[in-house]
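Readers should treat all values here as calculations from the given coordinates under stated rules, not as data from a laboratory. No experiment lies behind these values; they were computed from the predicted model shown. Here the Cβ positions follow ideal geometry from the backbone for every residue, glycine too, while neighbour counts run over all protein chains shown.
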Amino acid sequence: MRIVILGAGQVGATLAEQLAGEANDITVVDANAVLLRTLQDRLDIRTVEGGASYPSVLAQAGCADADMLVAVTNNDEVNMVACQLAQSLFSIPRKVARIRGSSYLGCADRLFRAGAIPVDVLISPEQLVTDHIEQLTRWPGALQVHDFMAGRVKLAVFKVRASSALSGHAVAELDTLLPGVDVRIVALYRGESHVPLQGDLTFVAGDEVYMIATPAHLEAVTQLFVGHRQRYRQIMIAGGGNIGASLAARLEARFHVKVIETRPERCREIAGMLDAAVVINGSVSELDILTEEGIDDVDLFCALTNDDEANVMSSMLAKRAGARRVLTIINNPAYVDLVDGNIIDYAISPEQITIGSLLAYIRKGDVTRVHALRKGQAEALETVVHGDRRTSRIVGRQVVELKLPADVRIGAIVRGNRVIMSHADTRIESEDHLIFFMTSKQSLKQIEKLLQVGLGYF
C-alpha cells in the first residue's frame, strides 16, 4: 500500500517503522526536519518537510497516488483539514485522523462523515487508553486484557507466580486444573523468549501466558493464576488531564475514586464533571499528600500525567507507601524496559495501543480488530473468512489441515452467537470470525495469503 503519514511524532514514527517493515510504500510529512532526518537514518521511507495541511506539501508527498492518509499530528485542526484536502483534491480512498479534543469527539457522529469532514477512521488515543485501563480494573490480576467481537472473546495475559496453582504443572494438565472451562493458550513467554507450546511444557514462576477465553470462563482462569478473585475498591488517579478525568468519570459509579491534580483551575473543572469522585489539589510526588489521602488503602494507583518521569516516580512512591498495585503511562518506549515489574505492575504504552487500532485498517483481508503486542513484535488479529472449500484455503477445512506457520495459532472461532475454542479437529465455515495470534510478524504475509479468496468467489 502507498501510505502517507502526517506527523513524525511518537505515533507517526512507530507506525512508519512497523509498516515500512511490511513492504509498504511509506511517506512521512512533518515540519520538523530533525525528526524526519532521524527517521530516514533508520528506515527505508520517503520524507517531506512542510506543513501537513498545505496542498502543495500533500501533492509533493504523493497524495495523488496514495491508498491511505494517516493524519497523526499533534494538532486536531491540521488533521481535519488534511483529511478534507485528501478528499477534495486527491480523492484518497481511506483517511484516518487522530482527534484528541473532547469538544470534537462529543459530536463525532455528525462531524466526521461524508458531506461534513471526511474522516473514515477516527482515532482518539485518550479514549483508547481509557478503554484499556478500564478493562484492567474489571480483571484484577491480568497484566493485559484485549477484546474481540465486541467483548465476547478476550485475550488475557497473566504472569505465573510462585504461589500460583499453575506453577509446576504441565500445559497438558490445564484441562484437569480447569474442569469444564474451555480456554486456549496461544503463547507463552519466558523472559523475552517465546517458548513453543508442547503438552509436557511446565509452567514456572515468571512465565507470561497469553490465553483466549470468554468472559465467563476468564473468571476461573483469573482464580487459577492469582489464587482468588481480587476486586478493587479504592482507586487513586494522579493527573487530571483528559485521560484521568475520563477514567474517573467511568469508574466513579463502581469504585471509590480520588483524583489528584496540581492545577487549581483544572481541579474545579474536573469537580464539575464528576458526581461521586473526590478531587484533590496537590502533588502526588509529596508523600504527605499520599499519606493524608490514605494511600495504604488504595487498591490501584494510576499515574496518568503527560510527564513520564513524574509518572514513574509517583508510582514508585505510591507502591512503597502502601498502594497494592500501580499503573503507569509511559510514552517514551525506552523507559518501558527500565521499569521494574516488581514495583510497577502495569506499564501502559499509549502509542502501542493506538497503533493496534490503526493496523486493523491496513491489514489485507476482512480484518476487524488488531492488537499490537510485545512492543509490536507480536500481534493478535480478528478476521472474517469468506468463500467455500473451492475458493478459500481455510473454509471447509479442519484447523489441523491448515498450513499455518509454526509461530501462528488460531485461538478461537466465533460463529454466529457461538464462541468455539480452536482445536485440531475444529472445522471452519464461511463467515466465521477467526482470532489469530502471531508471535512473530514475519508470518503476516503467509496469513494474509492464506486468507485470500479465489476469483471464483466474486
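For the pairs K159/K449; K159/K258; K154/K364; K95/K159, flag any whose C-alpha to C-alpha distance is greater than 30 Å.
In this structure, K159/K449; K95/K159 exceed 30 Å between Cα atoms.
What FRET efficiency comes out for the pair R268/T291, r = Cβ-Cβ distance, R0 = 30 Å, nearest 0.05?
Result of the calculation: an efficiency of 0.75.
Please compute the length gained on full extension between R427 and T38, using 0.36 nm multiplied by the number of residues separating them and subtracting their Cα-Cα distance.
Stretched out fully, the R427 to T38 stretch lengthens by 135.2 nm.
Roughly what would the spin-label model give for K449 and R161, points 7 Å off Cα along C-beta, in nm?
It works out to 4.5 nm between the two label points.
If I stretch the segment between E401 and A276 completely, what's the gain in nm (0.36 nm per residue apart, minus their alpha carbon distance), one decimal?
Between E401 and A276, full extension yields 39.5 nm more.
Can you compute the equivalent ellipsoid semi-axes for the range 234-353, i.e. the square root of 5 times each eigenvalue of the Cα gyration tensor, sorted largest first and rounded to whole Å?
So the equivalent ellipsoid measures 21, 16, 13 Å along its semi-axes.
I'd like the distance separating the alpha-carbon centroids of the range 222-253 and the range 265-301, in whole Å.
14
How much length is gained if the chain between R152 and R390 is pulled fully straight, taking 0.36 nm per residue apart and subtracting their Cα-Cα distance, in nm to one decimal?
Taking R152 through R390 to full extension adds about 82.6 nm, to one decimal.
Using the basic label-point model (7 angstrom from Cα toward the beta carbon), what is the E309 to A253 distance in nanometres?
Modelled inter-label distance: 4.0 nm.
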